[in-house]
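Below is one structure; the comments refer to it alone.
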Amino acid sequence: MEAWLGDPMVQASLAPFVVALIIAVALQPLRLGGLAIVAAFLTTMYLVSGLTFTPLTATRKIVVLGLAAPVVGILADFAFKPTRAGAALLALAAAAGALWTFWPVLAQKPPAEAWVLGASAAFALAFMVGFGQLFLSGDAVRAGAAGLGAGLATGAAAIISASASYGLYGFALGAGAGAFLLPQMILGKRSAAGATFTLTAMLLAGLVAAGAMVLAKLPWYALLALALVPAAARLPVPSRAPVWLQAVLLSLYCFAIGGLACYLAWPAPGTASS
């Protein structure tokens, strides 16, 4: 069993998918199925590196923010009426969270590089969270497709950029979003996403991608391309098409942008890897 749980494929796909699917099915009647995404992420984090919080490294700060996001999301969904001002506030908070997470590492880099990386991380997080809250949180199929595309693309781009562990975290997010989508596709009925799912999915995907940039070799422009993946989930699909077909089409849109980001992450020919 221990060897089986140590298999990266199990850690980043099967285990988080199964846990997320159970959460999505069990909690959807309470409109809390969006917690599947954080459950998937924490499952992989536990299997890969364990859930500890000291010392508070950049990766552990991502876990802290990942735990805080669904709490904020539940409050936003059940206690407050969604507004543009609220989405802007969440976007700014996400940008601040990115800088808090990576500032100790950025402070050790040359000033020009630190500014580029820090600005890219802040912008990417602000856009992903703000866009998701404004345009995706009200449609669980679009939100799920965005989470699926962003997670898988982030995982692939992180591995290309020489960060295997962050690649596993990204794939876990994709598995969690896939588990959130699957019951909707099978039953032909939309679930509730809200900030509970969307805020958590966009924040964690953005932070993992930013971590691959700051801590590994993901180019800043590839991070900005990854940040555009959620926008693809707003592209039109036939309104009368079955839910499963809409989910497939929207996911393909997101995969296309994610594929572009992975292409941009690929090292140039002749680049030596260290």
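The numbers here are math on the coordinates, done by the rules we state, and not lab data. Keep in mind that this is a model prediction, so the values were computed, not measured. Glycine gets a Cβ as well: all are built from the backbone with ideal geometry, and neighbour counts include every protein chain shown.
Assorted remarks:
- Zone residues, the stretch 177-204, relative to residue 83, backbone N less than 20 Å from point 7 Å out along Cα-to-Cβ: 194-196, 199
- For the chain, built as a Gaussian network whose Cα springs stay under 10 Å, the top-fluctuating residue of 79, 93, 107: 79
- Square roots of five times the Cα gyration tensor eigenvalues for the stretch 1-123, Å: 28, 24, 11
- For residue 61, no lysines have a Cα closer than 17 Å to its Cα, not counting residues fewer than 8 places off in the same chain.
- Only helices enter this figure: runs of n ≥ 4 DSSP H residues, each worth -39500 (n - 2.57), summed and divided by the residues of the chain, yield -24000 deg cm²/dmol at 222 nm to the nearest 500.
- Histogrammed with a bin width of 5 Å, the alpha carbon distances of the stretch 72-214 distribute as 2, 12, 19, 20, 20, 14, 8, 4, 1, 1, 0 percent, first bin at zero.
- Highest-MSF residue in the chain out of 225, 95, 261 [GNM, Cα springs under 10 Å]: 225
- Per residue, the convex hull volume that the Cα atoms of the stretch 175-224 enclose (Å³): 89 Å³
- Within the chain, the percentage of alpha carbon pairs spaced more than 32 angstrom apart rounds to 16%.
- Under a model in which nothing but the beta-carbon of Lys, Arg (+1) and Asp, Glu (-1) is charged, the chain shows a dipole of about 540 debye around its Cα centre.
- When the alpha carbon gyration tensor of the stretch 197-243 is reduced to an equivalent ellipsoid, its three semi-axes come out at 28, 13, 6 angstrom, largest first.
- Loop chymotrypsin sites (Phe, Trp or Tyr not before Pro), the stretch 11-105 (other Cβ atoms within 10 Å of the site Cβ: 12 or fewer; DSSP): 53, 80
- At 1.306 mPa s and 10 °C, Stokes D of the stretch 114-181 from Kirkwood alpha-carbon radius, µm² per second: 125 µm²/s
- The modelled label-to-label distance between residue 71 and residue 263, using points 7 Å beyond Cα along the C-beta direction, is 4.2 nm.
- Our estimate of slack between residue 96 and residue 49, defined as 0.36 nm per intervening residue step minus the Cα-Cα distance, is 14.4 nm.
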